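Colleague: What follows is a single structure, and I will ask about it in a moment.
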Amino acid sequence: MKIRNPRTGIYDYEIPDLSDEVVEHRCAALRMHQTEWKKSGVENRIGVLQEWKAAVMEKRGDLIEALSIDTGRAWETVLEADIVAASIDRWCGIARNFFSGEAKKDSSIPFIKLQQALVPFELIGVISPWNFPLLLSLIDTIPALLAGSSVIVKPSEVTPRFIEVINKTIDAVPRLSNVLSYIPGDGRVGTALVNNCDLICFTGSTATGQKVYDAASKRMIPVFLELGGKDPAIVLEGANLEYAADSIVWGSVANAGQSCLSIERVYVQDTIYDAFTQLLVKKAESFILNADNIHHGEIGPIIFEKQVAIINDHLRDAVEQGAEILTGSTKCEEINGGYYCRPTVVVNVTHNMKLMQEETFGPIIPVMPFETKEEAITLANGTVYGLSGAVFAATVEEAMEVGSRIDGGAISINDAALTAIMHEGEKNSFKLSGIGGTRMGPSAIKRFMRQKVFIIKEQPIVSPWTVARYRV
Ligand code: NAD
């Protein structure tokens, strides 16, 4: 399978097309080592992950290089690589606390004691997207390994260059290579994972998530789906406008808008609408495309060619229905073979436009005025998505009151898109943005385990209900 370079448009890399049998064998091998991994105990697993962290740090340069080619961006890639070490450390701390409380407990019946146990699923399949290839391949993998599961990861076929490097870091830690493997491949390989694993963590589009959900239901295996979004930001009269504009523009255009948690709709109270829109335009215009120099400019190329068509279609549809572009692009520009989209502020938008309903995944900032809070909340909740959102107000209390009524699992208060960097809070996706337990925060590790209880009689005391039954 030939892979396109997002900066040049040239297909300059290849990945093998793994057969279903190869995937099946890889899964069987990882599964075979899981019992030993589980039995080795959490401290051993923490030790192995710390060794891996060192191996990743040793290959940090190669990893950044591969990811930079995959995504066409530089500084976000450095951030992505450096998050690995911090995530491993954070999860090791969480896992140590998590496994410390397995003592026997009294029950409400005096001669019966209870002891809880956790049984990890044997093999976890992780299927991840192209927008943050490394980060999103690891976000479930690290806690799953610490839980005591084996893990097989299939990153997106759009950004597979980093797989070779990450597999070298895994090979450097033999005890890890028995229980963790990254494989390249497209949707067919993803399907093979669903057919061979015991639990699937899927991050990607809602359309594919629905297919994964269907396939997993046939095998009755649990799935955690982290899907698309159309995150709203609400700006109320009284908010610090300069600061809110900075935060919203950043939340919309970071990573060229290619984040599930990007701000894709902005609702502004009518009394401040004109002033705020002007601020958005000024700030949006300060960003530079990195087309000529990957190290100069904040806006990288649109990574996936098919996404270019979606962004262009949303802009075209909006303009045809009366929207006005105040600054930015009417469509993505081709520069040196890559496609780039400038931060684009769009006004005169309505909720029947694709731009206000469907995930755009580009640095587009549509802005709409509202009169009352009630109206703002209705508009914010007016899509099929419910991932996250943002509220800016004069006080934290006012912002939280509005935020509490937004359909979404993570609401940034007086900032935008904070889940990008803050992974400690627990959250669920609402509506078509996903299903399943939180992937962030301490309880996320529990998703990889089934609960078991031992109901213990320590003495041969005859149970009163047994006697009662014999008497009848
Ligand atoms: P996608 O759904 O096209 O692909 C995601 C992954 O699924 C890829 O690895 C792909 O090969 C695999 N796949 C495709 N068909 C499959 C099938 N039938 N069975 C199993 N696997 C299959 O998504 P994408 O375009 O790579 O990523 C962008 C999407 O991801 C956006 O919608 C974005 O919002 C979403 N996303 C969500 C989150 C979140 O946390 N909610 C985070 C990042 C991205």
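Residue-wise test of (1) within 14 Å of the ligand (Cβ to nearest atom); (2) under 16 Å from the mean Cα position of the chain (by Cα); (3) of a type in the set (Gly, Ala, Ser).
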| residue | (1), (2), (3) |
| --- | --- |
| SER107 | no, no, yes |
| LEU114 | no, no, no |
| ALA117 | no, no, yes |
| GLU122 | no, no, no |
| ILE127 | yes, yes, no |
| PHE132 | yes, yes, no |
| SER137 | yes, yes, yes |
| ILE142 | no, yes, no |
| LEU146 | no, no, no |
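Colleague: Given the conditions (1) in contact with a Lys or Arg (Cβ under 8 Å, 6 or more places away or on another chain); (2) surrounded by 17 or more Cβ atoms within 10 Å (Cβ to Cβ), which single one is not true for THR77?
Modeller: Unmet for THR77, out of (1) in contact with a Lys or Arg (Cβ under 8 Å, 6 or more places away or on another chain); (2) surrounded by 17 or more Cβ atoms within 10 Å (Cβ to Cβ): (1).
Colleague: Can you name every residue in the range 202-259 that is closer than 30 Å to ALA192 by Cα, among the hydrophobic types (A, V, I, L, M, F, W, C), in contact with a helix residue (DSSP H, G or I) (Cβ under 9 Å, 6 or more places away or on another chain) and more than 9 Å from the ligand (Cβ to nearest atom)?
Modeller: ALA216, ILE221, VAL223, PHE224
Colleague: If you check LEU355, LEU387, which single one turns out to be more than 21 Å from SER412 (Cα to Cα), in contact with an Asp or Glu (Cβ under 9 Å, 6 or more places away or on another chain) and within 16 Å of the ligand (Cβ to nearest atom)?
Modeller: LEU355
Colleague: Residues ILE303, ILE299, ILE294: which one is within 16 Å of the ligand (Cβ to nearest atom) and not basic (Lys, Arg)?
Modeller: Only one candidate qualifies: ILE303.
Colleague: Something else: Suppose the filter is in the same structural domain as GLY409 (by TED's automatic domain parsing) and open to solvent by less than 40 Å² (accessible area, probe 1.4 Å); does LEU261 pass it?
Modeller: Yes: the conditions hold for LEU261.
Colleague: Of the residues ASN336, ASN293, only one is under 17 Å from PRO6 (Cβ atoms), of a type outside the set (A, V, I, L, M, F, W, C) and without any contact (Cβ under 8 Å) to a residue 24 or more places away in the chain; which?
Modeller: Only one candidate qualifies: ASN293.
Colleague: Between a residue in the range 108-135 that is more than 26 Å from ARG60 (Cβ to Cβ) and any residue that is of a type in the set (Ser, Thr, Tyr), which pairs come within a Cβ distance under 7 Å, given they are 6 or more apart or on different chains?
Modeller: LYS113/SER107; LEU114/SER107; PRO120/SER149; PHE121/SER149; GLU122/SER149; GLU122/SER150; LEU123/SER149; LEU123/SER150
Colleague: Being more than 20 Å from LYS373 (Cβ to Cβ) and in a helix (DSSP H, G or I) is the filter; apply it to the range 260-281 and report the residue that is nearest to the ligand (Cβ to nearest atom).
Modeller: Result: LEU280.
Colleague: Continuing with this model, one more query. Report yes if ALA233 is farther than 25 Å from GLU21 by Cβ and outside any strand (DSSP E or B), otherwise no.
Modeller: Answer is no for this residue.
Colleague: Something else now. Taking the range 149-169 as the region of interest, how many residues are more than 16 Å from the ligand (Cβ to nearest atom) and either of a type in the set (Phe, Trp, Tyr) or open to solvent by less than 10 Å² (accessible area, probe 1.4 Å) (or both)?
Modeller: Counting residues in the range 149-169 that are more than 16 Å from the ligand (Cβ to nearest atom) and either of a type in the set (Phe, Trp, Tyr) or open to solvent by less than 10 Å² (accessible area, probe 1.4 Å) (or both) gives 3.
Colleague: Next question, about the same structure. So which residues in the range 286-309 are over 15 Å from ASN131 (Cα atoms) and surrounded by 15 or more Cβ atoms within 10 Å (Cβ to Cβ)?
Modeller: The answer is PHE287, LEU289, ASN290, ALA291, ILE294, GLY297, GLU298.
Colleague: Can I ask one more? In the range 170-199, which residue that is more than 8 Å from the ligand (Cβ to nearest atom) and surrounded by 24 or more Cβ atoms within 10 Å (Cβ to Cβ) is nearest to GLY228 (Cα to Cα)?
Modeller: My answer is LEU199.
Colleague: Within the range 417-429, which residues are crowded, with 18+ Cβ neighbours inside 10 Å and either in a strand (DSSP E or B) or hydrophobic (A, V, I, L, M, F, W, C) (or both)?
Modeller: Across the range 417-429, the qualifying residues are ALA417, LEU418, ALA420.
Colleague: So is THR206 more than 28 Å from VAL48 (Cα to Cα) and either surrounded by 17 or more Cβ atoms within 10 Å (Cβ to Cβ) or among the acidic types (Asp, Glu) (or both) or not?
Modeller: Yes, satisfied.
Colleague: Just checking, how many residues over the range 155-176 are touching a Ser or Thr at 6+ places or on another chain (Cβ under 7 Å) and under 14 Å from ASP186 (Cα atoms)?
Modeller: 3
Colleague: Out of the residues in the range 80-96 that are hydrophobic (A, V, I, L, M, F, W, C) and surrounded by fewer than 18 Cβ atoms within 10 Å (Cβ to Cβ), state the one that is farthest from LYS53 (Cα to Cα).
Modeller: ALA86
Colleague: Filter the range 74-97 down to residues that are part of a helix (DSSP H, G or I) and within 24 Å of ASN293 (Cβ to Cβ), then give me how many there are.
Modeller: Qualifying residue count, the range 74-97: 8.
Colleague: Going by what's in this entry, would GLN451 be described as at pLDDT below 95, exposed (fewer than 12 other Cβ atoms within 10 Å of the Cβ) and assigned to a strand (DSSP E or B)?
Modeller: yes
Colleague: So PHE224 clears everything in (1) within 23 Å of the chain's Cα centre (by Cα); (2) part of a helix (DSSP H, G or I); (3) over 30 Å from VAL396 (Cβ atoms) except one condition, right? Which one?
Modeller: (2)
The values are calculated or read from the model by the stated rules, or taken from the named source; none is laboratory data. Note that the structure is predicted; figures quoted are calculated from it, not measured. FYI the Cβ positions are ideal-geometry reconstructions off the backbone, even for glycines, and counts take in every protein chain you see. Surface accessibility is based on the protein's heavy atoms, side chains included, excluding ligands, DNA and RNA. Shrake-Rupley method; radii C 1.70, N 1.55, O 1.52, S 1.80 Å.
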